[in-house]
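Below: the structure, in structure tokens.
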Amino acid sequence: MADTEQVERLKRSVAEWNQWRQEHPEIRPDLSGADLYSADLSSANLSSADLSGANLGYTVFADNDLSTVKGLVEVNHRTRSYVSLDTVKLPQDGSAFHFLRGAGIPEEWIDFYRSTMMHPIQYYSCFLSYSSTDEILARRLHADLQNQGVRCWFAPHDMRPGQLIRKGIDDAIHMQDKLLLILSKHSVESGWVGYEVETALSREIRQQREILFPIRIDDAVFRCTASWAVSLRDQRHIGDFTAWAEPERYQQVLERLLRDLKAQDAKTSKPE
């Protein structure tokens with residue numbers, strides 16, 4: 001819970017707040033759950049503050065450094081706020097976009113901010129391969145990867161109506177840098193998933209680089225007798241997403257996946 005005295009000091013006077021921050025640099029302000037509705041936080045020193053669950057709406061952010069705040073994605077946006085994009089410093093990751101969208105910033109302004117104010121981590125693009133039975137996790141991964149700046153393709157969201165399914169999959173796999181494969185008791189029995197894996201493995205041989213990134217949500221891959229499954233478990237590290245329904249465990253394995261998808265340089269390989 002928020003420190004009531006700290007919250008009142010911030011709402012009473014930004015000048016008083018900043019003076020207090022200067023006199024007590026060792027304190028990390030606790031504003032978690034605070035009601036900052038209609039508060040003018042212009043020029044307030046919010047570095048290292050905990051904003052998780054802080055209630056915002058018609059709140060003014062200008063000349064603030066939010067790059068080190070805690071809980072930026074857990075802010076409760078009751079309605080839109082004002083954010084001065086040219087003076088507010090945000091984290092160099094997807095949490096910035098999450099915050100701006102919650103504050104009601106138009107998508108075209110967010111795109112402008114992304115291109116002019118940010119230098120995000122460069123990630124390989126990826127094709128997300130999965131069984132339709134596992135679509136809940138697939139959609140969650142797709143959204144989280146997109147929010148972190150990973151260009152991610154998957155059929156239900158990205159395939160155009162009327163497009164030939166097999167050709168669409170072939171084109172998509174060849175246009176992305178990596179194939180992210182969700183292994184489950186459903187996907188290991190899918191002929192389409194097997195086809196997508198074999199397509200990726202063929203590309204690996206031709207291009208002499210790693211393309212396939214397998215993750216599992218159960219132990220079915222260890223029991224599957226298909227040749228591609230045997231090859232995966234014998235030769236590859238398979239990410240463990242079996243506890244994906246637990247928020248803390250999911251975040252841990254997502255961060256590991258993001259590290260693995262980080263491009264070695266600003267240029268990714270060109271598709272064949």
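The values are calculated or read from the model by the stated rules, or taken from the named source; none is laboratory data. Please read these numbers as outputs of a predicted model, since none were measured by experiment. In this analysis, Cβ positions are derived from the backbone assuming ideal geometry, glycine residues included, and neighbour counts consider all displayed protein chains.
Looking at segment 217-232 only, could you name the residues that are surrounded by fewer than 14 Cβ atoms within 10 Å (Cβ to Cβ) and assigned to a loop (DSSP other than H, G, I, E, B)?
219, 223, 225
Would you check if there is a residue in segment 178-199 being modelled with pLDDT of 80 or more, buried (at least 19 other Cβ atoms within 10 Å of the Cβ) and either assigned by TED's automatic domain parsing to the domain that holds residue 94 or closer than 27 Å to residue 91 by Cα (or both)?
Yes: one or more hits.
Of the conditions (1) in a helix (DSSP H, G or I); (2) of a type in the set (A, V, I, L, M, F, W, C); (3) more than 20 Å from residue 178 (Cα to Cα), residue 245 clears all except one; give me its number.
It fails just one condition, (1).
Take residue 143 and tell me if it is assigned to a loop (DSSP other than H, G, I, E, B) and at pLDDT 80 or above.
no
List pairs: first in segment 245-261 and surrounded by 11 or more Cβ atoms within 10 Å (Cβ to Cβ), second polar (S, T, N, Q), Cβ under 8 Å, 6+ apart or cross-chain?
258/148
Name the single residue that is surrounded by the fewest Cβ atoms within 10 Å (Cβ to Cβ) among those in segment 115-139 being under 26 Å from residue 211 (Cβ atoms) and without any contact (Cβ under 8 Å) to a residue 60 or more places away in the chain.
Taking the candidates together, the pick is 136.
Output the residues belonging to segment 108-128 that are in contact with a Phe, Trp or Tyr (Cβ under 8 Å, 6 or more places away or on another chain) and under 26 Å from residue 241 (Cβ atoms). Break it down into steps so the answer makes sense when it comes.
Pass one, segment 108-128, residues in contact with a Phe, Trp or Tyr (Cβ under 8 Å, 6 or more places away or on another chain): 110, 114, 125-128.
Residues satisfying the conditions are 125, 126, 127, 128.
Take the residues of segment 204-233 that are touching a helix residue (DSSP H, G or I) at 6+ places or on another chain (Cβ under 7 Å) and among the charged types (D, E, K, R): which is farthest from residue 187 (Cα to Cα)?
210
Being under 25 Å from residue 240 (Cβ atoms) and of a type in the set (Val, Ile, Thr) is the filter here; which residues of segment 201-219 pass it?
Result: 211, 215, 217.
Of the numbered conditions (1) modelled with pLDDT of 90 or more; (2) out of contact with any Phe, Trp or Tyr (no Cβ under 7 Å at 6 or more places or on another chain); (3) within 21 Å of residue 35 (Cβ to Cβ), residue 105 satisfies every one except a single condition; which is it?
Among (1) modelled with pLDDT of 90 or more; (2) out of contact with any Phe, Trp or Tyr (no Cβ under 7 Å at 6 or more places or on another chain); (3) within 21 Å of residue 35 (Cβ to Cβ), residue 105 violates only (3).
Which one of the conditions (1) within 19 Å of the chain's Cα centre (by Cα); (2) without any contact (Cβ under 8 Å) to a residue 24 or more places away in the chain does residue 225 fail to meet, given that it meets all the rest?
(1)
I want to confirm something. Restricting to segment 115-138 and keeping residues that are in a strand (DSSP E or B) and under 17 Å from the mean Cα position of the chain (by Cα), which single residue is modelled with the lowest pLDDT? Spell out the reasoning first.
Start the filter on segment 115-138 by keeping residues that are in a strand (DSSP E or B), which leaves 123, 126-129.
Pick out the ones that are also under 17 Å from the mean Cα position of the chain (by Cα) and you get 123, 126-128.
Working: 123: 78, 126: 86, 127: 84, 128: 87.
Among those residues, the one meeting the criterion is 123.
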